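Just dropping this structure here.
The values are calculated or read from the model by the stated rules, or taken from the named source; none is laboratory data. Keep in mind the model is a prediction, meaning the values are calculated, not measured. Using ideal geometry, Cβ is built from the backbone for each residue, glycine included, and neighbour counts are taken over all protein chains shown. These accessible areas exclude ligands, DNA and RNA; they are computed on the full protein's heavy atoms, side chains included. Shrake-Rupley method; radii C 1.70, N 1.55, O 1.52, S 1.80 Å.
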Amino acid sequence: MSKEDILKALADAVIAGDDDEAVEYAQKALAEGIDPQEAIVDGLAKGMAVMGDKYERGEVFVPHLMIASSALYEGMDVLTPHIKTDATSRPVTGVIGTIEGDVHDIGKNLVKTMMAAAGFTMIDLGHDVPLENFITAAKENKADLLSVSALMTTTMTGMDKISEMLLENGYRDSLVFMVGGAPVSPQYAQTVGADGTAKDAANAVALARELTSKLVPAEERWSDAKLSVTKTKYKDAVLKKKAAATSAGNVTLETAKQVMEEYNKVGTKGTSKMSHADRIFGALGDKKVDRLPVYPLACGVTRKFVPCTYKEYATMPEKFAASAEAAIKYLDVDTFVGLTDLSITSTDIGAGVTMPEEDTPSATGHLKDYEDIEIPEVKKGTRIYNHIQAAKLTMEKLHKEELNAPFVAFHEGPLLTLTQAMGADRVLHDMNTNPGDVHKALDKITDFIDEISTAFFDEGAADAICVDNLWSNNVIMSADQYWEFDGKYVYDRQLPVFKKYNAPYVIHNCADAVHFDIQIRKFGTAMYSYAYYEKNRDKGSKNYADLIPEYSDICCMMGEVDPIQFMNNDEATFQNIRNDTSKLMDEVLQTLKDNGRQSKYVMSTGCEVPPEGSLLAVKAMVDTVKEVGEDRYAKIIG
């Protein structure tokens, strides 16, 4: 074979996702004396570039990229050891990982693959990575780039801590620090002191290449002398950060105290014409209400009213119920969603779990084989049974006459449970290469999910149930593939349970480009809790202006306000929240009126308020709706 034929064969092997051919032609390249670096760049990487272009055009999806990346890495494993390098030709070296407490690694894996295809040497730390591991790996590898990702708003605060650790250790000027994930905005990247962020993998590669090209040689940047100088340079900045953190104390606890003190002095602001329950169910049915309901997804953050640790909130029913009661009492929100974490069902079928004292529990220790999945009964000893008991206690408290607020229980859907237990990258890869085993696993898990929903209803533990059906995302999988591996299980098996109990089907999905037609129109969903990412609008992320005209005939929308700002505790933040809330409320009300609706919307955040967020920030949003909501409603809706 000619050199050109071998390079083309390498590219074709990646496009086809053929591991064996990638290895075969990598070995032929070496045997024919082709420079291994050239074989990677002009062979394997070109194939990955073709797949990247197809992905950008919506012709292939994440599972296809995973299969292609497997072939890419197989070929690179053969070629890389034979590359002759010296200090001057050292490829860009990056350390990448998903932050502690967060097991979502689809985006991180995609960025890693695209960077590897661009010639970067990537050290992948995986997901749920302790903060100090990022710092250690950066130093050990004399990294040019440190890339930290998060999908969950509850874990993003760790990015600021990593930034502080880089300053404190003197490493900050030695590398480029990038952050990423659907909820990460350029403004947030700047706030945590990162060098930048990008809206997708292709742009992340371009930004990383641009920023790292300006670095001096690694040996100079990582020398002891340079680190010592940098450490001294940022000493004052570190001291100021630590002093600010110390003076702020536990923001959540301190702001909880302030909210309670104000309540004890003056009670809640204003009087309401309707009860919480009447307002929420009125909005569900598009009835005339006094104002739009309001509920920032303030779940775990309300534990500091009790007070209790997050671990206690997630494991002790009486603490959970007390937190929900306090949220209704002190914040005067219109409902409470019983979200603790997304690893309850996966833990019960065999996955491990990390249980921090003051952060969200997360799945860990993924199962090795699908056959290892063991479906338990919903009974004492399982995490979900404990969660149901917490919900029962909560119902008793929230249904008291003085509160009269509905409680929305929460659990994970079939595909989300499986990906938490096995790892999302494993499951998405196997959808294409091993679909039979994925379907067998989903079949068993769906029975378990149905039993859970049934238990909530039979125990009288919910006014409604919100199911997290995360993986409906049009950049991760096609509509057909989502339907095959999640949608049809929900439609054929889960929805009949809700119909049996005449209960509304409620979904939470903080993905950024949802298959709304399936999850709303096909399912007949009564309420949809969603996130909106403006940076991904061109890829299908939708806001109230898109969703109300399309789906308000059957569905009450809930979400959109950016929860990241709730991590800050200052008057400027509170004013931004007030402004954002007022603007959104006016625009939503006008859109409802334009589409012949009266109330099918709940003012909420697009994802959960972080567990260390400011309860004064939450209160600012709720009070804004209460203070101006009735006048705005009367003026616009009539």
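Return the residue satisfying two criteria in turn: it lies in the stretch 120-158 and is of a type in the set (Ser, Thr, Tyr) and touching a Gly at 6+ places or on another chain (Cβ under 8 Å), and of such residues it is modelled with the highest pLDDT. So that I can check it myself, show each step before the final result.
Within the stretch 120-158, the subset of a type in the set (Ser, Thr, Tyr) is 121, 136, 147, 149, 153-155, 157.
With touching a Gly at 6+ places or on another chain (Cβ under 8 Å) added as a condition, the list becomes 121, 147, 149, 154-155.
Numbers: THR121: 90, SER147: 96, SER149: 93, THR154: 73, THR155: 81.
Among those that are of a type in the set (Ser, Thr, Tyr) and touching a Gly at 6+ places or on another chain (Cβ under 8 Å), it is SER147.
Mind checking which residues of the stretch 103-127 are closer than 17 Å to ALA182 by Cα and either touching a helix residue (DSSP H, G or I) at 6+ places or on another chain (Cβ under 7 Å) or outside any helix (DSSP H, G or I) (or both)?
Across the stretch 103-127, the qualifying residues are VAL103, HIS104, ASP105, ILE106, ASN109, LEU110, VAL111, HIS127.
To continue, here is another question. Yes or no: the stretch 368-380 includes at least one residue that is part of a helix (DSSP H, G or I) and farther than 26 Å from ASP128 by Cα.
Scanning the stretch 368-380 turns up no residue that is part of a helix (DSSP H, G or I) and farther than 26 Å from ASP128 by Cα.
Take the residues in the stretch 523-553 that are touching a residue at least 12 places away in the same chain (Cβ under 8 Å) and basic (Lys, Arg); name whichever of them is nearest to ASN203 (Cα to Cα).
LYS535
Just wondering, is there one or more residues in the stretch 584-596 that are of a type in the set (Ser, Thr, Tyr) and over 22 Å from PHE281 (Cα atoms)?
no
May I pose another question? So is VAL588 crowded, with 24+ Cβ neighbours inside 10 Å, within 25 Å of LYS311 (Cα to Cα) and not acidic (Asp, Glu) or not? Even if it seems obvious, please write down each step before you answer.
Working: crowded, with 24+ Cβ neighbours inside 10 Å: yes; within 25 Å of LYS311 (Cα to Cα): no; not acidic (Asp, Glu): yes.
No; evaluated as a whole, the condition is false for this residue.
On the basis of being over 21 Å from the mean Cα position of the chain (by Cα), within 23 Å of PHE574 (Cα to Cα), surrounded by 24 or more Cβ atoms within 10 Å (Cβ to Cβ) and of a type in the set (Lys, Arg), does LYS257 make the cut?
When the stated conditions are applied, LYS257 does not pass them.
Now a separate question. Residue pairs, Cβ under 7 Å, 6 or more apart or interchain, first in the stretch 554-571 and part of a strand (DSSP E or B), second of a type in the set (D, E, K, R). List them.
CYS556/LYS600; MET557/LYS600; VAL561/ASP580
Return only the number of the condition from (1) open to solvent by 60 Å² or more (accessible area, probe 1.4 Å); (2) part of a helix (DSSP H, G or I); (3) of a type in the set (Gly, Ala, Ser) that GLY33 does not satisfy.
(2)
Which residues, taken from the stretch 131-189, are under 28 Å from ASP538 (Cα atoms) and part of a helix (DSSP H, G or I)?
Scanning the stretch 131-189 gives THR157, MET159, PRO186, GLN187, TYR188, ALA189.
Yes or no, residue by residue, for (1) farther than 19 Å from GLN420 by Cα; (2) assigned to a loop (DSSP other than H, G, I, E, B); (3) touching a Leu at 6+ places or on another chain (Cβ under 8 Å); (4) at pLDDT 95 or above:
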{"position": "ASP447", "(1), (2), (3), (4)": "no, no, no, yes"}
{"position": "ILE452", "(1), (2), (3), (4)": "no, no, no, yes"}
{"position": "PHE456", "(1), (2), (3), (4)": "yes, no, no, yes"}
{"position": "ASN473", "(1), (2), (3), (4)": "no, yes, no, no"}
{"position": "VAL490", "(1), (2), (3), (4)": "no, no, no, yes"}
{"position": "GLY524", "(1), (2), (3), (4)": "yes, yes, yes, yes"}
{"position": "ILE548", "(1), (2), (3), (4)": "yes, no, yes, yes"}
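Which one is modelled with the lowest pLDDT, of the residues in the stretch 332-355 that are open to solvent by 20 Å² or more (accessible area, probe 1.4 Å) and part of a strand (DSSP E or B)?
Only one residue fits best here, namely THR354.
Check off (1) at pLDDT 95 or above; (2) within 30 Å of ASN536 (Cβ to Cβ) for ASP12 and give me the number that stays unchecked.
Going through (1) at pLDDT 95 or above; (2) within 30 Å of ASN536 (Cβ to Cβ) one by one, ASP12 breaks only (2).
Could you list, in sequence order, all residues of the stretch 79-115 that are open to solvent by 30 Å² or more (accessible area, probe 1.4 Å), hydrophobic (A, V, I, L, M, F, W, C) and either touching a strand residue (DSSP E or B) at 6+ places or on another chain (Cβ under 6 Å) or without any contact (Cβ under 8 Å) to a residue 60 or more places away in the chain (or both)? Break it down into steps so the answer makes sense when it comes.
Just the residues of the stretch 79-115 that are open to solvent by 30 Å² or more (accessible area, probe 1.4 Å), to begin with: 80-92, 100, 107, 112, 114.
Applying the additional criterion that residues be hydrophobic (A, V, I, L, M, F, W, C) yields 83, 87, 92, 114.
ILE83 - this is the single residue of the stretch 79-115 that is open to solvent by 30 Å² or more (accessible area, probe 1.4 Å), hydrophobic (A, V, I, L, M, F, W, C) and either touching a strand residue (DSSP E or B) at 6+ places or on another chain (Cβ under 6 Å) or without any contact (Cβ under 8 Å) to a residue 60 or more places away in the chain (or both).
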